[in-house]
Amino acid sequence: MSSTASASREQTAELVSGLLRDIPDFPEPGVLFKDITPLVADGPALAQVCEALAAPYRDAGITSVVGLEARGFIFGTAVALALGAGFVPVRKAGKLPGATVSLDYALEYGTARIEVHEDCVTPGERVLVVDDVLATGGTAVAAAELLEQVGAEVVAIEVVVELAALAGRSRLEGREVGALLTV
């Protein structure tokens, strides 16, 4: 087994913590942005993080991994490959061709609309939602609701970093939520 595959979630959390960069006042004043750019620029670290995100779901019958725009695409695609699953993008409004379903949701610094193809999954398909950060939980809640509207079973929501002070997990009560690092 490679060192990437054998690293514990605790070791991976330490790795993530050391590679996060805080950017104050982005995207607007008062927001402390958790920048994952140094993490994704480090190939071995990126591989370790994606393996850690995938590991709990190896025997969960995941048929698709859903990545939330935009940074969730980075992790979600790699997790899908690790699980032998397909990848489904959840995008900002107006970015997907064809028939979509959409939902408005609140961010910590505004509102947004996300959408998914209405035929992105078959009814009963087991999906794992992946993103970089869980903040207020608005994006994750909206994505889970959209996926359920199109017939998916949302097995869990897995993130790299959870911002505990913003209480996003509380909006996901009753759902399985995993985070490699909670700050």
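For the chain, what is the percent of antiparallel DSSP beta bridges, rounded to the nearest 5? Around 40 percent antiparallel, to the nearest 5. When only the Cβ of Lys, Arg, Asp and Glu is charged (+1, +1, -1, -1), the dipole of region 1-158 relative to its Cα centre reaches about 260 debye.
For region 1-97, the C-alpha radius of gyration divided by 2.2 N^0.38 Å, with N the number of residues, is 1.20.
Dividing the summed helix terms, -39500 (n - 2.57) for each DSSP H run of n ≥ 4, by the number of residues in the chain produces a 222 nm estimate of -9000 deg cm²/dmol to the nearest 500.
For Kirkwood radius over Cα pairs in Å, computed directly from the structure shown, the correct entry in [x] 16.5; [y] 18.1; [z] 17.7 is [x]. Residues of region 104-137 with an amide N closer than 17 Å to a point placed 7 Å from the Cα of residue 32 along the Cα-to-Cβ direction: 108-109, 133-136. The Kirkwood hydrodynamic radius of region 144-183, based on inverse pair distances between different Cα atoms, is 11.0 Å. Rounded to 0.05, the FRET efficiency of the residue 10 and residue 153 pair, given R0 = 25 Å and the Cβ-Cβ distance, is 0.30. Most simply put, region 1-96 has about 45% antiparallel DSSP beta bridges, counting only bridges with both residues inside it. For region 101-183, the extents of the C-alpha atoms along the principal axes are 36, 25, 20 Å, listed from largest to smallest.
For region 28-79, the Cβ-based charge dipole about the Cα centre amounts to some 80 debye (Lys, Arg positive; Asp, Glu negative; other atoms uncharged). Size of region 59-117: Rg and Dmax of its alpha carbons, in Å, are 12.8, 38.
Read the figures in this text as sums done on the coordinates, not as results from a lab. Note that this is a predicted model, so its numbers are computed, not measured. Because the Cβ atoms are built from the backbone with ideal geometry, glycine has one as well, and the counts that use them run over all protein chains shown.
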